[in-house]
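Chemist: A single structure is presented below for examination.
The values are calculated or read from the model by the stated rules, or taken from the named source; none is laboratory data. As the structure is a computational prediction, the values presented were derived from the model and not from experiment. Please note: Cβ atoms are built from the backbone with ideal geometry, for glycine as well, and neighbour counts cover all protein chains shown. Protein only, heavy atoms only, side chains kept; ligands, DNA and RNA dropped before computing areas. Shrake-Rupley method; radii C 1.70, N 1.55, O 1.52, S 1.80 Å.
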Amino acid sequence: MDSRVSELFGGCCRPVTGGAGGALRGRGGPAPGSGGGSKAKKKNGRSRGGKANNPPYLPPEVSSPGRTDGRRLKLVNPSQYRFEHLVTQMKWRLQEGRGEAVYQIGVEDNGLLVGLSEEEMRASLKTLRRMAEKVGADITVLREREVDYDSDVPRKITEVLVRKVPDNQQFLDLRVAVLGNVDSGKSTLLGVLTQGELDNGRGRARLNLFRHLHEIQSGRTSSISFEILGFNSKGEVVNYSDSRTAEEICESSSKMITFIDLAGHHKYLKTTIFGLTSYCPDFAMLVVSANTGIAGTTREHLGLAMALKVPFFIVISKVDLCSKATVERTVKQLERILKQPGCNKLPLLVNSDDDAVTAAQQFAQSPNITPIFTLSSVSGENLDLLKVFLNILPPLTNSKEQEELMQQLTEFQVDEIYTVPEVGTVVGGTLSSGICREGENLVVGPTDDGKFLRLKVCSIQRNRSACRVLRAGQAATLALGPFDRSLLRKGMVMVSPEMNPTICSVFEAEIVLLFHATTFRKGFQVTVHVGNVRQTAIVEKIHGKDKLRTGEKAVVRFRFIKHPEYLKIGAKLLFREGVTKGIGHVTDLQAITTKENGLEESLGPGQLSF
């Protein structure tokens, strides 16, 4: 962040170096036809104080994934032609940003912070509001500051979030995995965020999140649960506080944050890893208790997020239980770990609304930046800063990448399997590619004997509300009607029949052994996690070596011991067994051909399951 911009916005964030972008820096290139830059009337080069002044600049706009930002010097009384042109640009920016865009008023296209007078700013915001109404969007002022430009009149720059009003369930959906040690306050924090009521200090807020009786009795999460937090087009929180149902929250929200609440206890580590690898979270939130600091599985969860390249931010909870000195000690402890060579992150402490806006923008631009929040679920201290951050946080992919995924053949990962009365078999998971519609015929597999079976998608639900079309990257549950549940298992895929899916029992992966007490040899058995696949595999061969020690790399051939799986070359791999851990990616598959895996037979009339 440019030091002059940081100074201008007066935030308490620690300065971020290394070209991550300024507090107002745009992440998207200029819209088609936006021109090279707005003209500003030049002054005599002296500030109001009478001495020479070099007005601050922002770096020129650059193209990058995520939300698209626009700079406008001013939007005062445009002609009808100019207004229509601006509306077209806004449509393009919203499309590129998947329903969101940030406008910076008072900033030239070349990055010069000129600012506008009070009257000009009011007129510009009025024009922007008219433009937003034209495209079915709302605007929210994120922040405004005075600039010391060469003028006798006070001048301001303003940052405005433009967000599309959703239609037909097409809200922006971000998935956030919640990590952290047992008793760090993960479920309580989610309960407070989604229910809208503070905790009583004894865990009342988390009761609605638990799925099993033993979780309520022990107070510890052992399964994966999902909670939703919505934001409407004006950036206001939409949750259960007004006795809303999940369907009403979805209908009222332009942006949805789906929290994936994972287990903190070490004995449920396989469930936590499955949640991280299978549900494809966009971000991870690592919750650390202020009074215990970095303890238990905190380091392990941090390492998992880094190994799987999931961008993460940190929330220090329970600050109401500690003195200020204890909280500062925990912050310093975290900063020390984040700055270590293996981590190489840049911590950014959030203390104000300005910090939260800057943190959200910088976090999406640079993978090295790690925002840190200090809050309490009992007193509500700094809880609003986390909501501001989540509201502004942009998606990591742009509309072009989303479009490319949607052009591919349908592939749905099966993560959960249910039986619902009067509905039948229901599967939950994520659509990796393509588009899935109600009534579509797909094939599911591989079964234990390597076959794919035909089925029909009867209905679709997203966030517990009905949906007719599912697009790539979206999570949902699909009702399969009378399909036999016993034929399904976690780790299967539902794909388009035209895909002719390949499966394998033997595959090779380039791995790094993160830790092993002795030596890693041929014949060793490990639990392998690849996407939604979780199965024990045996090491058949280590290429070029007889054994591996901690920190060493090699290409290893694995064989699944139970049944074949659907894998892809390049997929991230994570394996573990006791204290042994390693990461890598799939490099080669010994595929079972169509004739071998019985695909034709499974698609024959005698094998139909609907």
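Chemist: I need the per residue convex hull volume for the stretch 70-164, using only the alpha carbons, in cubic angstrom as a whole number.
Modeler: Dividing the Cα hull volume of the stretch 70-164 by its residues yields 88 Å³.
Chemist: Residue-wise, which Karplus ³J(HN,Hα) couplings in Hz belong to the stretch 416-423, taking 6.51 cos²θ - 1.76 cosθ + 1.60, θ = phi - 60°, and x for glycine or proline?
Modeler: Those phi angles translate into 9, 10, 10, 10, 10, x, 6, 10 Hz.
Chemist: On to the next question. Please turn the phi angles of the stretch 407-412 into ³J(HN,Hα) values with the Karplus equation 6.51 cos²θ - 1.76 cosθ + 1.60 (θ = phi - 60°), one per residue in order, whole Hz, x for glycine and proline.
Modeler: 6, 7, 5, 5, 8, 10
Chemist: Additional query: Give me the Kirkwood hydrodynamic radius of the stretch 400-495, using the inverse of the mean 1/r over all pairs of distinct Cα atoms, in Å to one decimal.
Modeler: One over the average 1/r among Cα pairs gives 13.2 Å for the stretch 400-495.
Chemist: Estimate the FRET efficiency between ARG559 and ASN500 by the formula 1/(1 + (r/R0)^6), using the beta-carbon distance for r and 22 Å for R0, to the nearest 0.05.
Modeler: 0.40
Chemist: While we're here: Find the all-direction average of the projected area of the Cα convex hull for the stretch 479-532, expressing the result in square nanometres with one decimal place.
Modeler: Computed as one quarter of the Cα hull surface, the answer is 6.6 nm².
Chemist: Additional query: Where a ≥ b ≥ c are the square roots of the eigenvalues of the C-alpha gyration tensor, would you call the stretch 172-396 rounded, which needs a/c under 1.5, or, failing that, prolate if a/b is larger than b/c, or oblate?
Modeler: Rounded.
Chemist: Which entries in the list LYS270/LYS490; LYS309/LYS581; LYS522/LYS545; LYS255/LYS572; LYS318/LYS345; LYS522/LYS547 go over 19 Å, if you measure between the two C-alpha atoms of each?
Modeler: LYS255/LYS572; LYS318/LYS345
Chemist: So what are the stretch 447-557's ellipsoid semi-axes, whole angstrom, largest first, if each one is the square root of 5 times an eigenvalue of the alpha-carbon gyration tensor?
Modeler: They are 38, 16, 13 Å, listed largest first.
Chemist: How much area per residue is accessible in the stretch 172-396 when the probe is 1.4 Å and only protein heavy atoms are counted (Å²)?
Modeler: Per residue, the stretch 172-396 has an accessible area of 36 Å².
Chemist: Now for a separate question. Would you kindly compute the Cα radius of gyration of the stretch 425-468 and its largest Cα-Cα separation (Dmax), both in Å?
Modeler: Spelled out, the Cα radius of gyration and Dmax of the stretch 425-468 are 11.8, 35 Å.
Chemist: Can you tell me how the stretch 297-387 classifies by the Cα gyration tensor, rounded, prolate or oblate, using a/c under 1.5 as the rounded cut?
Modeler: oblate
Chemist: For the stretch 503-591, what D do you get in µm² per second when you plug the Kirkwood radius from alpha-carbon pairs into Stokes-Einstein at 37 °C and 0.692 mPa s?
Modeler: In µm²/s, the coefficient rounds to 260.
Chemist: Put ASP199, ASP588, ASP448 in order of accessible area, largest first, 1.4 Å probe: what do you get?
Modeler: Descending order: ASP448, ASP588, ASP199.
Chemist: Whole-Hz ³J(HN,Hα) for each residue in the stretch 369-378, computed from phi via Karplus 6.51 cos²θ - 1.76 cosθ + 1.60 with θ = phi - 60°, x for glycine and proline: what do you get?
Modeler: For the stretch 369-378, the Karplus-derived couplings read 8, 10, x, 10, 10, 10, 8, 9, 7, 9 Hz, x marking Gly and Pro.
Chemist: Follow-up question, since we're still on this one. Roughly how many whole Å is it from the C-alpha centroid of the stretch 282-316 to that of the stretch 239-273?
Modeler: Centre-to-centre (Cα) distance: 18 Å.
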